[in-house]
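Here is the structure we will look at.
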Amino acid sequence: MKVTSHLKWNPVLADPSGQRQAKPRTLGKTMVMDKGLGLNAFQDLLSTSSSHLDMIKIGFGTSPLYPLNVLKSKINSAKESGICIYPGGTFLEVAIRQNEVNSFFDMLIALGFNGIEISDGTIEMERRLRNELIARGLDEGFEVITEYGKKGWGSSIELEELIETVLIDTELGAKMVTIEARESGMGVGIFDHSGKCKDDELQRVISAIPGQQLLWEAPLKSQQVHLINMLGPNIHLGNIPPDELIALEALRRGLRSDTLSLGTRKD
C-alpha cells in the first residue's frame, strides 16, 4: 500500500479563490442544521467535512427527542472537532413559554453544549429579557448567537430595528446575529415566496451593518450562489443541509461553475 500522507493538492487547485481561512476562522463561517442525523451520519459529516464546518445547530426543538447518550456523543464529537454546537433558538422560546428557562440552561450545561442561540422568531420578547439571556449565556461560558426576524410567511426586515438589534446584541457580547430564513428559505427575511433574494433589502442591510456581524441563513444552493457572488466567499452562511456542506465550500472556493470567476486565472 502506498503512503499518501505526503500528498497535497496544489493550493491554487484546492482554493482558486485564495481567500479561505483555516479554522479557527473569523471570516466565512458555515453553520449546518442537524434535523435528526444518526450517530453514523454525524460522524461521517465530521470525518469528511469538519475542517469546513464551524457551527452545528440541533434544529428547532429536536434536542429532547434524542436518547441522551446519542445527543451527548454528538456534542462531544463536535467540540473535539472545534465546532460550536447549540440547540435551535425555537427550543429556548419553548422554555420561555413554559417558564422553564432555568432547567433549559441546566440541561445545556449538563449535556456540554458550547453555544446557545437566542431568538424570538415565534414569540414576542422584551428587550430586557433578551439582554438578560445574552448575559446569562456568556456567564455560563456559551458562545452566544442571536437571531433577528420572524418565522411567519411574508415577514420582512425592518432595517432600523435590525441595526438596533445588531448593535445592542454585539455590544452585549453576542458573537453574531443570524438573519432568519427558516429551513425552507422561502417567504422570510431577504427571500421572497420563491426563495429569490430581495436584493434591494439586502443592499440596505449590508450598507448599514458590518458583514462579519451577520450570519445569513441560506439553505438553497441558488441563494448561496447569489450571496457569494454578490458579497464574496467569506460571508457567514447558515442552515446548510449536512449533505450540501462540501458543495458549499466548493462554491466558496471557486470550484464550481457557478463561482468559477472567484479564482484568479493562471495563464
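All of the numbers you see were taken from the coordinates with simple rules; none came from a lab. Here the structure is a predicted model, which means the values were calculated and not measured. Neighbour counts run over all protein chains shown; Cβ positions are idealised from the backbone, glycine included.
The table below lists the values:
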{"quantity": "Residue that is nearest to residue 60 (Cα to Cα) [pool: residues in segment 108-150 that are acidic (Asp, Glu) and touching a residue at least 24 places away in the same chain (Cβ under 8 Å)]", "calculated": "117"}
{"quantity": "Subset of segment 238-255 (residues that are in contact with a Leu (Cβ under 6 Å, 6 or more places away or on another chain) and farther than 10 Å from residue 53 by Cβ)", "calculated": "238, 254"}
{"quantity": "Selection within segment 60-108 - in contact with a Leu (Cβ under 8 Å, 6 or more places away or on another chain) and of a type in the set (Gly, Ala, Ser)", "calculated": "63, 73, 77, 78, 81"}
{"quantity": "Residues of segment 4-25 satisfying the condition of being part of a loop (DSSP other than H, G, I, E, B) and loosely packed, with under 11 Cβ neighbours inside 10 Å", "calculated": "4, 5, 6, 7, 8, 9, 10, 22, 24"}
{"quantity": "Residue in segment 27-41 that is touching a Leu at 6+ places or on another chain (Cβ under 6 Å), part of a loop (DSSP other than H, G, I, E, B) and within 30 Å of residue 256 (Cβ to Cβ) present", "calculated": "no"}
{"quantity": "Candidate set from segment 79-107 (those that are among the charged types (D, E, K, R) and loosely packed, with under 15 Cβ neighbours inside 10 Å); member that is nearest to residue 180 (Cα to Cα)", "calculated": "97"}
{"quantity": "Number of positions in segment 112-141 that are of a type in the set (A, V, I, L, M, F, W, C), more than 18 Å from residue 214 (Cα to Cα) and surrounded by 17 or more Cβ atoms within 10 Å (Cβ to Cβ)", "calculated": "2"}
